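See below for the structure under consideration.
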Amino acid sequence: MVTAVSTTRTHAVALLWILAVLTAMPASARSTVVPGSEAAGLGACVEPTELMRRQHMEFIKHQRDRTVHGGIRTSKHSLAGCVECHIGHDAQGQAVPIDRADQFCGACHAYVAVDLNCFDCHAAVPRGPMAGSLAEAARRAVDEAQHGQGAVQP
Amino acid sequence: MSERGTEIDRERRRLLGAAAGAGVALVAPAVVVRALETTPRDAPVDGRVRWGLAIDTAKCAAGCTACVDACARENGLDLQHPPEGAEPADWATQRAVWVRKVRLRDDQTGRETNLPLMCQHCEHPPCVDVCPTGASFKRADGIVMVDRHTCIGCRYCMMACPYKARSFIHEALSDQLSHVPRGKGCVESCNLCVHRRDFGLPSTACAEACAETGHGAILFGDLADPDSAISRFLASEPTRQIREDLALNTGVRYAGV
């Protein structure tokens, strides 16, 4: 019995500690984004978080058709934009592939056991002379959407 | 060069005009543009433009591979690695290539002609006809390309293409460029540097490299614009389509063949 009570007390203390730490931590650190990524410093993604969690695959699936067939590059649902904003860096400041099991895309997909095929073809880190332009286009689309300026391609 | 500049200005004006018409105020970017000054496309491509190439074989030098090399660098084709233990000869025929140098020899006279051969961006592309999934398609601005999202790697298009322009990616890759996705199991070919088109950048990698060598054998431009440099070249010089008997109305034309 003594042991059982002690275990319960340990659990209660641990729970209190967790609650205290969670309250003290800034919102960004509590989120699932990779610390140090650009996304970690932002309040919300290109859509409300709840929508992003459930429907990000729908957003990028519709966007890809507009980009591949229509050549539209000003979409806020750009995969290059995802990578640019959510990419993490190692101690040397090198970008870490976003589909790696400890990174933003890879960690969640590993947790839910869903194959992630985007990066079989797409660059998992920003790479090449156009990476900046691709990211800039996505950033500007997000900016315009958030400030309600003009009709932005979804 | 000056003609090429005119074309780009026209495209930029059209995009900027459309943006102003829609009442879009361009917000000064908070982040400094780290790479190139670009204008991303915000409206779907349409048939008012048809991109193409004109190649003057008289200016194409024997042994020069500037266009092939530039294409490889631009489109990440130089990042391919042979599978472990592959025979070099096998790899040479398997690796993806978008432009190849072809040498023609007239057996009667011994005259040799050199030319770069890439996807001919047909108006009636056989690769699109045979594709079972719709992955092989022609964009409204005349660019024939592959939508890798729907490509199942059957390679019918490779068999159908009269120009041997398409390649299959046999090996898994991990160091793709952001602007050129590429993965095992899909077919690909020249897309007239589609990322440059969509971001309002001039020319193609091959035409640029050819001009830099001083040969200037490749002219890129809008076939639908009668005032473009390429249209004026085609209007004044005798040019041909390769395999014109197939009546594909190619977007790539050759002088001196």
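Would you point out the residue of region B:117-143, among those that are in contact with a helix residue (DSSP H, G or I) (Cβ under 7 Å, 6 or more places away or on another chain) and β-branched (V, I, T), that is nearest to the other protein chains (Cβ to nearest Cβ)?
The selected residue is B:I143.
Note down all Cβ pairs under 8 Å where the first residue falls in region A:67-95 and is more than 16 Å from A:E47 (Cβ to Cβ), the second is of a type in the set (S, T, Y), and they're at least six residues apart or on different chains.
A:T67/A:S75; A:T67/A:S78; A:R73/A:T67; A:A80/B:S178; A:V83/B:S178; A:I87/A:S37; A:G88/A:S37; A:H89/A:S37
If you scan region A:104-141, which residues turn out to be farther than 20 Å from A:C45 by Cβ, in a helix (DSSP H, G or I) and of a type in the set (D, E, K, R)?
Passing the criteria: only A:D120.
Of the residues that make up region B:14-31, is at least one in a loop (DSSP other than H, G, I, E, B), modelled with pLDDT under 85 and charged (D, E, K, R)?
Within region B:14-31 (the criterion being in a loop (DSSP other than H, G, I, E, B), modelled with pLDDT under 85 and charged (D, E, K, R)), the answer is no, since none of the residues qualifies.
Only residues that are closer than 15 Å to B:L173 by Cβ and in contact (Cβ under 8 Å) with a residue 12 or more places away in the chain: list them for region B:73-95, please.
Result: B:N75, B:G76, B:L77, B:L79, B:Q80, B:H81, B:P82, B:P83, B:Q94, B:R95.
Within region A:53-73, can one find any residue that is modelled with pLDDT of 90 or more and within 12 Å of the chain's Cα centre (by Cα)?
yes
What helices (runs of 4 or more DSSP H) lie completely within region B:167-242 and have 1 or more residues being within 14 Å of chain A (Cβ to nearest Cβ)?
The qualifying helices (runs of 4 or more DSSP H) are B:194-198, B:205-212.
If you check B:I8, B:I55, which single one turns out to be modelled with pLDDT of 95 or more and closer than 30 Å to B:K101 by Cα?
Selected residue: B:I55, the only one of B:I8, B:I55 that is modelled with pLDDT of 95 or more and closer than 30 Å to B:K101 by Cα.
Take A:L116 and decide whether it is in the same structural domain as A:R66 (by TED's automatic domain parsing), crowded, with 19+ Cβ neighbours inside 10 Å and within 29 Å of B:K184 (Cβ to Cβ).
In short, no.
Collect the residues in region A:107-148 that are of a type in the set (S, T, Y) and at the interface with chain B (Cβ under 8 Å from one of its Cβ atoms), keeping them in residue-number order.
Selection gives A:S133 alone.
Is it fair to say B:L234 is farther than 21 Å from B:V102 by Cα, buried (at least 18 other Cβ atoms within 10 Å of the Cβ), in contact with a strand residue (DSSP E or B) (Cβ under 8 Å, 6 or more places away or on another chain) and not β-branched (V, I, T)?
Against the criterion (farther than 21 Å from B:V102 by Cα, buried (at least 18 other Cβ atoms within 10 Å of the Cβ), in contact with a strand residue (DSSP E or B) (Cβ under 8 Å, 6 or more places away or on another chain) and not β-branched (V, I, T)), B:L234 qualifies.
The values are calculated or read from the model by the stated rules, or taken from the named source; none is laboratory data. Only a predicted model underlies this, so the values are computations on that prediction, with no experimental measurement involved. Quick reminder, even Gly has a Cβ in these numbers, built from the backbone with ideal geometry, and neighbours come from all protein chains shown.
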